[in-house]
Amino acid sequence: MISIDEFKKLEIRIGHIVAVEKVPDTDKLLKLTVNFGEEIPRTVVSGIALYFEDMQVLVGKKCAFAYNLEPRTIWGLESQGMILAVNGENDTGNFFSLLETSQNVTPGSVVK
């Protein structure tokens, strides 16, 4: 269990995925270029490649990201956030779903 004060430290923002590419020599990693309304888009490295037969379907999606994580180097790339998703099992089998917005939300909007 964490306190509400600890939870409040996490900043979740909506990011617009503007480009995606496979990280060479890996099966799972994708390099996402994400617009959060800043001058320079951020790079987010994520292990979601196996869930997308065509990774280009990610371009244009507006998803929730953990925005204020400390940058981390993954396979030589600095990752500046984490995409949020749900995966598990239900009565129809395994599922995976990104946390996407359903409306035209401005990149960088804070999830409250």
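We did not get these values from a lab; they are worked out from the coordinates using the rules stated. Everything numeric in this text was worked out from a predicted model, so none of it was measured. No Cβ is skipped: glycine too gets one built from the backbone with ideal geometry, and neighbour counts run over all protein chains shown.
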Inset, instruction - Can you quote the Å³ per residue value for the convex hull of the Cα atoms in the chain, rounded to an integer? - result: 140 Å³
Inset, instruction - Count neighbours as other Cβ atoms within 10 Å of each site's Cβ, and list the GluC sites (Glu not before Pro) in the stretch 49-105 that are DSSP loop with at most 14 such neighbours. - result: 53
Legend entry - Alpha-carbon centroid distance for the pair the stretch 42-112 / the stretch 6-35, whole angstrom: 5 Å
Legend entry - Cross-link pairs beyond the 18 Å C-alpha cut-off, checked among 62/112; 8/62; 8/112; 9/61: 8/62; 9/61
Inset, instruction - May I ask you to compute the full-extension gain from residue 101 to residue 87, defined as 0.36 nm times their residue separation minus their alpha-carbon distance, rounded to one decimal in nm? - result: 3.3 nm
Inset, instruction - Determine the sum of side-chain charges near residue 12: Lys and Arg each +1, Asp and Glu each -1, restricted to other residues whose C-beta is under 15 angstrom from that of residue 12. - result: +3
Legend entry - Contact order relative to length of the chain, as percent, for alpha carbon pairs under 8 angstrom and 6 or more apart: 30 percent
Legend entry - residue 68/residue 19 FRET efficiency (R0 22 Å; Cβ-Cβ; nearest 0.05): 0.50
Legend entry - Spacing of the two label points (7 Å from each Cα toward its C-beta) at residue 78 and residue 38, in nm: 0.9 nm
